[in-house]
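The values are calculated or read from the model by the stated rules, or taken from the named source; none is laboratory data. Just so it is clear, the model here is predicted, and its values are computed rather than measured. Cβ placement follows ideal geometry from the backbone for every residue including glycine, while neighbour counts extend to all protein chains displayed. Ligands, DNA and RNA are excluded from the accessible area calculation, which covers all protein heavy atoms including side chains. Shrake-Rupley method; radii C 1.70, N 1.55, O 1.52, S 1.80 Å.
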Amino acid sequence: MNRKFTLLFVNLLFCCSVAFAQEAQKSDLQKKAESINVQENIALARSTYIHAFNDYANKGQVLQGVQCAAKAAALYYKENFYQEAFDLLRRADQVVGASSLTSPQQSACHYLTTKERLQMYIKMRRVESAKEQLRILESHAAIASDDDTSNDLLYTKAVYYYTFGMNAQGNAVFKEMADKLTASKEYDKVDEVYQTLIANARKSGSAGMVAQSYSNYMAWKDSTNALKHADEIKALKQQIADNEASIADKDSSLTTRWIFIVGLLILAGALAAVLVVGAVILMRYILLTRRQKKNIQLANESNALKAKFISNISAQLEPTIRKLDSRQPEVQALLDFSEHIQTLSELENATEPVEFEDVQVQQFCEGLMDQIRDTVKSDVTLTVNAPKMSVPMNREYVSHILSHLLANAAEYTPAEGKITLEYKKRGQHSHQFLVSDTGVGIPEEQRDDLFKPFLKIRDLTTGDGLGLPICKQMALRMNGDLDIDPAFTKGTRFVLELHA
């Protein structure tokens, strides 16, 4: 039981795996996704999980695929890409519905996707939508009829109640779990459960949940101490009674009774010493918790100010810069930098869905390639490999990304080189644009930083380094990704992957 509850709280978002998938082997794609540091490259981790989901779905390993889709969705809404997260979860539900799994197995899979939707509505503070998802979650848990799923449902309901200020209901649900262990007098296990809940509450950034969890913990601690003391006193009384009976049978002398009393006094002194040490440890824990809470608050305030400053910096500087002579290269570079910052900020903070339209691929690609014909070096071959077909896409974003990649290729491809723009359909809803050149290539140690803005101090007259980060954000907004093909060794190849 301790193992179940520890896994339940430590794996807050992904702990409801059902029994029929526990022995399944992870694919190489899933292992790769799990090995990526989310704090350093969340987009790569998310894209790899999506690839793992598609791979599992094609192989018929539905549960493993849904688990990867749920993790990718969590990484989407971690950066406020709610529409992309909802679309991905809908695709996962479609895969489950089309599978041959039994009804309980399908409900266990739908439980994972529904839980992620509930987490998003909780984050967006949409009470009614979250309430509806909780109702659906209860229905799936009932059909799945699994102990792990049932326990996770109790915890999820507690989070829902605490988040929206329904502390009484949250207390009741969480108490139901804690009582299971307390009733069997497994006090240390219950204490571990509460400590894990408090730690997860801190990680979630919910001050209300931290306060409520800690308040419940202290209340339980007080009641448990009383129960433990009552048990200890009862045990001592029983020990006294047994010893007295034994002494009465063997020797009723006063000396023997005094020896017994001295022993009890020593035991009582040892117990008192233990209680004093426990009180000191508890006070230190309380002081540490308060200090950590203050540090978390200061860190959150600092991050909020930083985000606000970055989003507004270009707007603050632009009026002043425009008073300068824009014919000067330095002034024009500052204006371009200001515009790029605004674009990047708008892309990162946007939440509305991206609109798609049907575009003739061959004509579209040839038009983009024509834009760089006058900029390439002598005898550079320009090739377009695209079929005559219509493809749904966001023309503005795709055009911006491919134009930027082709312009870079034109700049770095030497004379007599080759630049290629290709289109490939990878599946019913997946397709790719590939831009290749035969230039000197990009060193492997620099590739991970290509899409990260503001890593270097640059001379803005030679470029601000925001072009590829902006293209990356546009790709993500279209539920796709932009990356370098590591297998291409004759120059550089960028792959724009889209999901329609």
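Points worth noting:
- Selection from the range 234-254 of residues that are open to solvent by 90 Å² or more (accessible area, probe 1.4 Å) and at pLDDT 75 or above: Lys234, Lys237, Gln238
- The number of residues in the range 143-172 that are over 14 Å from Leu112 (Cα atoms), of a type in the set (A, V, I, L, M, F, W, C) and surrounded by fewer than 21 Cβ atoms within 10 Å (Cβ to Cβ) comes to 5.
- In the range 181-227, residue modelled with the highest pLDDT [restricted to those that are open to solvent by 70 Å² or more (accessible area, probe 1.4 Å) and on the phi < 0 side of the Ramachandran plot]: Asp222
- Within the range 421-433, tally of residues that are surrounded by fewer than 19 Cβ atoms within 10 Å (Cβ to Cβ) and assigned to a strand (DSSP E or B): 5
- Residues within the range 412-432 that are hydroxyl-bearing (Ser, Thr, Tyr) and farther than 19 Å from Lys388 by Cβ, tallied: 3
- Members of the range 216-257 found to be among the small types (Gly, Ala, Ser) and not in a helix (DSSP H, G or I), listed by number: Ser252, Ser253
- Positions within the range 376-396 being β-branched (Val, Ile, Thr) and either buried (at least 18 other Cβ atoms within 10 Å of the Cβ) or modelled with pLDDT under 90 (or both), in sequence order: Val376, Val380, Val384, Val391
- Close pairs from the range 264-279: first farther than 18 Å from Asp242 by Cβ and assigned to a helix (DSSP H, G or I), partner open to solvent by less than 80 Å² (accessible area, probe 1.4 Å) and of a type in the set (Lys, Arg), Cβ under 8 Å, at least 6 apart: none
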